[in-house]
Amino acid sequence: YREFLNFKKRDNYKFLGADVISKGLSANMSSILINRGEEDGVYINDPVLTSKGVIGKVTSTSKNSSEIQLISDVNFRLSVKIVPDDVEGILRWIKDDICEIVELKKISDIKIGDVVLTSNLSIYFPPNLPVGKVVNIFEKSDSSNRIVRMKLYSDLSTINQLFVVLKEDELWVFI
């Protein structure tokens, strides 16, 4: 958890630790079930991450558990930015731990190894949560946009413990 503690020092959000109690809960969604729910302050659309980075969001809650839609779900989208240039795009999962970021302007200065963070454009995710790093860049000849492939920081196949980013009165909590 050393990586998570270093992350928490930089951005002081309120995190709630949780354990995975089931995987592959829904047939039509890549998801997991955790042992935290409404009694713990968990709400639908709360961001979820491991000590390394974003892995999904809460899609349903009950008294003592919540279902998490993973970033690997084909319908999951996330507004991200690539730093250091703060180039913004939309992330979608491709396979394994590889995602694609689309809607990136060709004039942007993106390099392999650049860091991918959540952007300021999401209404559910606070900005600057770690997501992954750039591993490939594709130029589209028929467009003014480019496509970037990135590797997630978190290994989705080994998730056992995670954190829910809590909010209070619909505002992000800063402690």
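The values are calculated or read from the model by the stated rules, or taken from the named source; none is laboratory data. Not measured: the values here are computed from a predicted model. As a convention, Cβ positions derive from the backbone with ideal geometry for all residues, glycine included, and neighbour counts pool all protein chains shown. With ligands, DNA and RNA removed, areas are computed over all heavy atoms of the protein, side chains included. Shrake-Rupley method; radii C 1.70, N 1.55, O 1.52, S 1.80 Å.
Quick check: anything in the range 156-174 more than 26 Å from Y13 (Cβ to Cβ), modelled with pLDDT under 90 and in contact with a strand residue (DSSP E or B) (Cβ under 9 Å, 6 or more places away or on another chain)? No, that holds for no residue.
Is it fair to say K111 is assigned to a strand (DSSP E or B) and either touching a Lys or Arg at 6+ places or on another chain (Cβ under 9 Å) or within 19 Å of L152 (Cα to Cα) (or both)? Here the answer is no, as K111 does not meet what is asked. Among the residues of the range 49-86, just one is over 25 Å from G113 (Cβ atoms), in contact with a strand residue (DSSP E or B) (Cβ under 7 Å, 6 or more places away or on another chain) and of a type in the set (K, R), namely K57. Looking across the range 94-122 at every residue that is without any contact (Cβ under 8 Å) to a residue 40 or more places away in the chain and surrounded by 15 or more Cβ atoms within 10 Å (Cβ to Cβ), the one that is nearest to the chain's Cα centre (by Cα) is identified as L117. State whether the residues of the range 66-78 include one that is within 16 Å of R149 (Cα to Cα) and of a type in the set (S, T, N, Q). Scanning the range 66-78, I find at least one residue that is within 16 Å of R149 (Cα to Cα) and of a type in the set (S, T, N, Q), so the answer is yes.
Residues in the range 39-79 that are outside any loop (DSSP other than H, G, I, E, B), over 12 Å from Y124 (Cα atoms), out of contact with any Gly (no Cβ under 6 Å at 6 or more places or on another chain) and open to solvent by 10 Å² or more (accessible area, probe 1.4 Å): E39, D40, S60, E67.
Scanning the range 123-133 for residues that are open to solvent by 50 Å² or more (accessible area, probe 1.4 Å) and of a type outside the set (S, T, Y) yields I123, N128, K133. Per the listing R2, R36, R10, the residue uniquely open to solvent by 40 Å² or more (accessible area, probe 1.4 Å) and modelled with pLDDT of 95 or more is R36.
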